[in-house]
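Undergrad: Got a structure for you, questions after.
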Amino acid sequence: MTTLAEVQGGTDSPYALSHLDALESEAVHIFREVAGEFENPVILFSGGKDSIVMLHLALKAFAPAAVPFSLLHVDTGHNFPEVLEYRDRAVERHGLRLHVASVQDYIDRGVLKERPDGTRNPLQTLPLTEKIRSERFDAVFGGGRRDEEKARAKERVFSLRDEFSQWDPRRQRPELWNLYNGRHAPGEHVRVFPLSNWTELDVWQYIAREGIALPRIYFAHEREVFQRAGMWLTAGDWGGPREDEPVVRRLVRYRTVGDMSCTGAVDSDATTLDAVIAEIAASRLTERGATRADDKLSEAAMEDRKREGYF
Amino acid sequence: MTTTTEALAATATLLRFATAGSVDDGKSTLVGRLLHDSKSVLTDQLEAVERASASRGQDGPDLALLTDGLRAEREQGITIDVAYRYFATPRRRFILADTPGHVQYTRNMVTGASTAELTVILVDARNGVVEQTRRHAAIAALLRVPHVVLAVNKMDLVGYREPVFAAIAEEFTAYATELGIPEVTAIPISALAGDNVVEPSARMDWYGGPTVLEHLETVPVSHDLAHCHARLPVQYVIRPQSAEHPDYRGYAGQIAAGSFRVGEQVTVLPSGRTTTISGIDLLGEPVDVAWTTQSVTLLLADDIDVSRGDLIVPTKDAPPTTQDVEATVCHVADAALTVGHRVLLKHGTRTVKAIVKDIPSRLTLDDLSLHPHPGLLAANDIGRVKIRTAEPLPVDAYADSRRTGSFILIDPADGTTLTAGMVGESFAAPEPVKDAADDDGWDF
């Protein structure tokens with residue numbers, strides 16, 4: 001057991017929390033505020049590292065009770081099989097309820113059309129917002145971090161969305177102290193970002209500290225890939241490669257996990273958490289810059305998608 | 001390579017700070033310089049800025065484009081909203097609230113300062129202390145930001161002369177002392193040339209103090225628990241009702257101030273019931289002591305009625321409960337706050353109905369004079385208010401506790417956040433304004 005006198009938390013004072021402890025405590029506070037103030041919250045869960053960390057924090061926030069939220073996966077139909085397996089195991093293990101909003105369903109029904117560039121990322125918005133409406137979710141947790149992108153840097157922790165799920169960056173509520181305002185009208189909902197203040201490195205350090213398991217594709221492995229727009233994409237049923245795009249076998253890993261058609265792998269020999277952390281610390285590219293095609297579309301690509309209801 | 005490997009220390013502490021400065025004081029350049037020289041701007045971000053700058057016909061990369069994230073901001077070339085930035089050095093992790101300098105965005109500086117341990121106030125060495133500088137200092141004092149840095153920028157444009165810096169530092173420090181700011185660190189810099197931001201300046205050998213970054217890395221963040229009133233706002237009651245934990249009943253919350261230990265006698269407010277702490281869970285692990293700002297779950301010896309919104313405090317150190325809250329507020333909404341306004345008040349985890357009974361004064365930030373009975377507070381106004389709440393609230397003075405001395409007012413009709421409130425006296429009311437009993441009207 002610890003006592004006040006024994007504790008040495010950091011360089012400032014015995015009671016200063018380390019940055020990881022401070023971020024963890026803040027995120028747990030956010031989860032508990034939502035549990036206390038909303039009727040029907042849901043956690044967006046893609047099987048990527050940020051949503052895995054979110055779930056881990058939620059488990060800690062309510063221990064020894066169960067997480068009082070269900071999970072929602074927006075399934076693009078172009079998922080990495082390892083990630084889907086991980087998702088299903090997590091749901092099973094923690095006795096959670098999983099909702100799936102399927103882009104493929106919308107395409108099959110003719111509601112959504114495949115884009116000429118093959119990316120399904122922008123197509124996620126409609127299934128997501130319709131699912132939120134039909135299930136009457138009033139709070140939707142997202143793993144978005146402000147360090148990812150400059151439009152995200154402007155995002156509040158509690159972000160009100162209107163009945164069309166739209167984000168209006170000019171009409172955001174000021175967020176003062178830790179007094180989060182979750183008031184919303186029927187039909188509106190609040191997007192909640194408990195990892196707002198985390199960086200990519202924080203996420204990895206926390207994964208290492210807590211010993212959190214991740215899908216294997218986050219670690220270096222040999223894979224058949226081809227190059228498109230400067231990124232290594234995985235060859236597969238989703239539609240790649242084209243004839244002029246030769247497939248090669250390379251040692252790669254993923255920094256982010258999303259739709260296979262627009263998430264690129266990076267060359268890497270990092271097979272352990274320590275190696276991944278060292279690699280990220282030395283990298284001169286941001287996570288999204290290295291691996292996401294959709295953000296390169298225009299200077300305001302993220303802002304525009306977020307305005308429409310993207311996470 | 002040492003920078004990146006040492007920056008990996010997962011036990012480094014976190015400093016939250018905010019920047020403030022007028023439009024052309026070079027705030028974006030300072031932020032850009034801090035991010036750039038601490039190697040927090042990565043190649044693809046710089047390339048994006050270079051591309052965007054070139055497409056606008058600019059000669060070099062415009063570092064403001066790094067921080068202005070919204071389409072409207074880039075179009076107008078100004079910062080509209082607070083943005084949060086992240087960077088690290090071997091000694092610390094930083095969360096920077098990058099706040100706009102325009103007068104009409106005073107509320108955004110309040111937002112940034114509310115969670116900051118330190119504020120950097122920028123002035124242009126050629127202009128010295130101006131109205132906006134005084135306004136920023138007043139807000140830092142009002143929000144009780146523990147540390148204030150005066151960055152005298154553009155020293156390159158005044159020949160790096162010491163007397164210019166000394167005069168500005170002296171004038172500012174005198175004003176800050178008047179506001180009750182305990183400590184000012186003045187640093188002469190050139191954000192553009194990089195003097196004294198990250199690297200010490202060779203052109204100002206008369207200056208013996210720290211660079212901006214060095215100061216940010218070493219400023220002590222106070223965690224003096226001995227003088228803090230312990231407070232735990234109850235967020236959520238954890239009741240597993242499972243076979244493994246049939247009787248577990250824990251009160252979850254983030255400790256807002258001070259520390260709690262097992263065996264301590266506590267009182268639950270507002271009911272006033274008393275019991276002892278039988279256990280503390282720190283995210284699933286039992287501990288015998290916990291302190292601010294840990295998120296914990298308290299287990300109590302007696303089965304008493306405790307729910308979300310209650311405040312758990314040491315019995316020997318309980319705050320008074322009151323239905324009449326007097327506070328200094330900053331009005332953050334576009335529509336005015338008026339006497340008679342029916343609102344919701346969120347304090348800690350409790351939201352209650354309330355009515356604005358009186359607005360005794362409005363503060364003129366430029367000279368700190370008080371305008372008596374203004375009748376309303378418009379957007380960005382700072383003033384004193386008296387609020388009657390529908391239920392008793394245990395409030396501390398903001399001077400004693402930034403967390404349990406603060407509240408927000410919310411519009412019950414549409415949920416808008418109206419007002420940021422700080423309980424108790426502040427410099428804004430050096431002499432209490434007389435409450436005229438017959439003053440039930442107001443003039444616009």
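The values are calculated or read from the model by the stated rules, or taken from the named source; none is laboratory data. Please read these numbers as outputs of a predicted model, since none were measured by experiment. We place every Cβ from the backbone using ideal geometry, glycine too, and count neighbours over all the protein chains shown. Protein only, heavy atoms only, side chains kept; ligands, DNA and RNA dropped before computing areas. Shrake-Rupley method; radii C 1.70, N 1.55, O 1.52, S 1.80 Å.
Undergrad: Residues of the stretch B:186-211 being of a type in the set (F, W, Y) and out of contact with any Asp or Glu (no Cβ under 9 Å at 6 or more places or on another chain), which ones?
TA: none
Undergrad: Quick one: would you say A:F137 is away from every other protein chain (no Cβ under 11 Å) and hydrophobic (A, V, I, L, M, F, W, C)?
TA: Yes; evaluated as a whole, the condition is true for this residue.
Undergrad: Have a look at A:V190, A:V257 and point out the one that is β-branched (V, I, T) and either open to solvent by 30 Å² or more (accessible area, probe 1.4 Å) or within 18 Å of A:V53 (Cβ to Cβ) (or both).
TA: A:V257
Undergrad: Within the stretch B:377-410, can you find the residues that are part of a loop (DSSP other than H, G, I, E, B) and at the interface with chain A (Cβ under 8 Å from one of its Cβ atoms)? Working first, answer last.
TA: Within the stretch B:377-410, the first condition is being part of a loop (DSSP other than H, G, I, E, B), and the residues that meet it are B:378-381, B:395-405.
Selection gives B:R402, B:R403.
Undergrad: Which members of the stretch B:344-370 meet the condition of being within 11 Å of chain A (Cβ to nearest Cβ), over 13 Å from B:T419 (Cα atoms) and open to solvent by less than 30 Å² (accessible area, probe 1.4 Å)?
TA: Within the stretch B:344-370, B:G348, B:T349 qualify.
Undergrad: Can you tell me how many residues within the stretch B:129-152 are at pLDDT below 95 and closer than 19 Å to B:T29 by Cβ?
TA: Result for the stretch B:129-152: 4.
Undergrad: Just one of (1) crowded, with 21+ Cβ neighbours inside 10 Å; (2) within 11 Å of chain B (Cβ to nearest Cβ) trips up A:A185, so point out which.
TA: With respect to (1) crowded, with 21+ Cβ neighbours inside 10 Å; (2) within 11 Å of chain B (Cβ to nearest Cβ), A:A185 is out only on (1).
Undergrad: Of all residues being among the hydroxyl-bearing types (S, T, Y) and away from chain A (no Cβ under 14 Å) in the stretch B:20-43, which is farthest from A:P14 (Cα to Cα)? Just the residue, please.
TA: As a first pass, look at the stretch B:20-43 and keep what is among the hydroxyl-bearing types (S, T, Y): B:22, B:28-29, B:38, B:40, B:43.
Among the residues that remain, those that are also away from chain A (no Cβ under 14 Å) are: B:22, B:29.
Numbers: B:S22: 38, B:T29: 36 Å.
The residue in question is B:S22.
Yes or no, residue by residue, for (1) at pLDDT below 75; (2) surrounded by 22 or more Cβ atoms within 10 Å (Cβ to Cβ):
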{"residue": "B:E6", "(1), (2)": "yes, no"}
{"residue": "B:A9", "(1), (2)": "yes, no"}
{"residue": "B:T19", "(1), (2)": "no, yes"}
{"residue": "B:L30", "(1), (2)": "no, yes"}
{"residue": "B:E47", "(1), (2)": "no, no"}
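Undergrad: Quick check: anything in the stretch B:251-261 of a type in the set (S, T, N, Q) and within 25 Å of the chain's Cα centre (by Cα)?
TA: Yes, there is a match, as at least one residue in the stretch B:251-261 is of a type in the set (S, T, N, Q) and within 25 Å of the chain's Cα centre (by Cα).
Undergrad: Turning to a different aspect of this structure: When you scan the stretch B:319-334, how many residues do you find that are modelled with pLDDT under 95 and among the aliphatic types (A, V, I, L, M)?
TA: 2
Undergrad: Then there's this: Only one of (1) buried (at least 23 other Cβ atoms within 10 Å of the Cβ); (2) more than 7 Å from every other protein chain (Cβ to nearest Cβ); (3) among the aliphatic types (A, V, I, L, M) fails for A:I207. Which number is that?
TA: Of the numbered conditions (1) buried (at least 23 other Cβ atoms within 10 Å of the Cβ); (2) more than 7 Å from every other protein chain (Cβ to nearest Cβ); (3) among the aliphatic types (A, V, I, L, M), the odd one out for A:I207 is (1).
Undergrad: Enumerate the pairs (first residue in the stretch B:108-136 and farther than 21 Å from B:L96 by Cα and assigned to a helix (DSSP H, G or I); second residue anywhere and of a type outside the set (F, W, Y) and open to solvent by 10 Å² or more (accessible area, probe 1.4 Å)) with beta-carbon separation below 7 Å, excluding pairs fewer than 6 apart on the same chain, so at least 6 apart or on different chains.
TA: Every condition considered, the pairs that remain are B:E131/B:D366; B:R134/B:L365; B:R134/B:D366.
Undergrad: What single numbered condition from (1) at the interface with another protein chain (Cβ under 10 Å from one of its Cβ atoms); (2) surrounded by fewer than 23 Cβ atoms within 10 Å (Cβ to Cβ); (3) more than 19 Å from A:F38 (Cα to Cα) fails to hold for A:W198?
TA: (2) is the only condition that A:W198 fails.
Undergrad: Please verify whether the stretch B:107-119 includes one or more residues that are away from every other protein chain (no Cβ under 14 Å) and open to solvent by less than 10 Å² (accessible area, probe 1.4 Å).
TA: Taking every residue of the stretch B:107-119 in turn, at least one turns out to be away from every other protein chain (no Cβ under 14 Å) and open to solvent by less than 10 Å² (accessible area, probe 1.4 Å).
Undergrad: Only one of these conditions is not met by A:G36: (1) open to solvent by less than 50 Å² (accessible area, probe 1.4 Å); (2) more than 14 Å from chain B (Cβ to nearest Cβ); (3) more than 23 Å from A:E210 (Cβ to Cβ); (4) assigned to a helix (DSSP H, G or I). Which number is it?
TA: Of the numbered conditions (1) open to solvent by less than 50 Å² (accessible area, probe 1.4 Å); (2) more than 14 Å from chain B (Cβ to nearest Cβ); (3) more than 23 Å from A:E210 (Cβ to Cβ); (4) assigned to a helix (DSSP H, G or I), the odd one out for A:G36 is (2).
Yes/no per residue for (1) under 21 Å from the mean Cα position of the chain (by Cα); (2) surrounded by fewer than 24 Cβ atoms within 10 Å (Cβ to Cβ):
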| site | (1), (2) |
| --- | --- |
| B:V130 | no, yes |
| B:Y175 | yes, yes |
| B:A191 | no, no |
| B:W206 | no, yes |
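Undergrad: Under 7 Å between Cβ atoms, at least 6 apart or on separate chains: pull out the pairs that start in the stretch B:44-56 with a residue that is at the interface with chain A (Cβ under 8 Å from one of its Cβ atoms) and end on any residue that is hydroxyl-bearing (S, T, Y).
TA: Final answer for the pair search is B:D44/A:T286; B:Q45/A:T286.
Undergrad: Give the residues of the stretch A:11-27 that are out of contact with any Leu (no Cβ under 6 Å at 6 or more places or on another chain) and within 7 Å of another protein chain (Cβ to nearest Cβ), sorted by residue number.
TA: Applying the first criterion (out of contact with any Leu (no Cβ under 6 Å at 6 or more places or on another chain)) to the stretch A:11-27 yields A:11-14, A:16-18, A:20-21, A:23-26.
Within the stretch A:11-27, A:T11, A:D12, A:S13, A:A16, A:L17, A:S18, A:L20, A:S25 meet the criteria.
Undergrad: Right, next: Which one is farthest from the chain's Cα centre (by Cα), of the residues in the stretch B:318-343 that are within 14 Å of another protein chain (Cβ to nearest Cβ) and open to solvent by 20 Å² or more (accessible area, probe 1.4 Å)?
TA: Filtering the stretch B:318-343 for residues that are within 14 Å of another protein chain (Cβ to nearest Cβ) and open to solvent by 20 Å² or more (accessible area, probe 1.4 Å), the one farthest from the chain's Cα centre (by Cα) comes out as B:A335.
Undergrad: Identify, please: which residue in the stretch A:43-63 is within 14 Å of chain B (Cβ to nearest Cβ) and in contact with a Pro (Cβ under 7 Å, 6 or more places away or on another chain) and is, among those, surrounded by the fewest Cβ atoms within 10 Å (Cβ to Cβ)?
TA: Only one residue tops the list, namely A:F62.
Undergrad: Look at the stretch A:238-253 and say how many of its residues are in a strand (DSSP E or B) and either of a type in the set (D, E, K, R) or in contact (Cβ under 8 Å) with a residue 40 or more places away in the chain (or both). Talk me through it step by step, then tell me what you get.
TA: In the first step, residues of the stretch A:238-253 are kept if they are in a strand (DSSP E or B); the result is A:240, A:248-253.
So of that shortlist, the ones also either of a type in the set (D, E, K, R) or in contact (Cβ under 8 Å) with a residue 40 or more places away in the chain (or both) come out as A:240, A:249-250, A:253.
Of the residues in the stretch A:238-253, 4 are in a strand (DSSP E or B) and either of a type in the set (D, E, K, R) or in contact (Cβ under 8 Å) with a residue 40 or more places away in the chain (or both).
Undergrad: Something else: Tally time: how many residues in the stretch B:304-317 are in contact with a Gly (Cβ under 7 Å, 6 or more places away or on another chain) and loosely packed, with under 14 Cβ neighbours inside 10 Å?
TA: 0
Undergrad: Still on this structure: Could you run through the stretch A:140-163 and say how many residues are within 10 Å of another protein chain (Cβ to nearest Cβ) and of a type in the set (G, A, S)?
TA: Count: 2.
Undergrad: Okay, moving on. For a quick check of your reading: which strands (runs of 3 or more DSSP E) sit entirely within the stretch B:228-314 and have at least 1 residues that are modelled with pLDDT of 95 or more and within 11 Å of another protein chain (Cβ to nearest Cβ)?
TA: Details: elements: B:236-238, B:250-254, B:259-261, B:265-269, B:273-282, B:285-287, B:289-291, B:295-300, B:311-314.
In the stretch B:228-314, B:236-238, B:250-254, B:259-261, B:273-282, B:285-287, B:289-291, B:295-300 are the strands (runs of 3 or more DSSP E) which contain 1 or more residues that are modelled with pLDDT of 95 or more and within 11 Å of another protein chain (Cβ to nearest Cβ).
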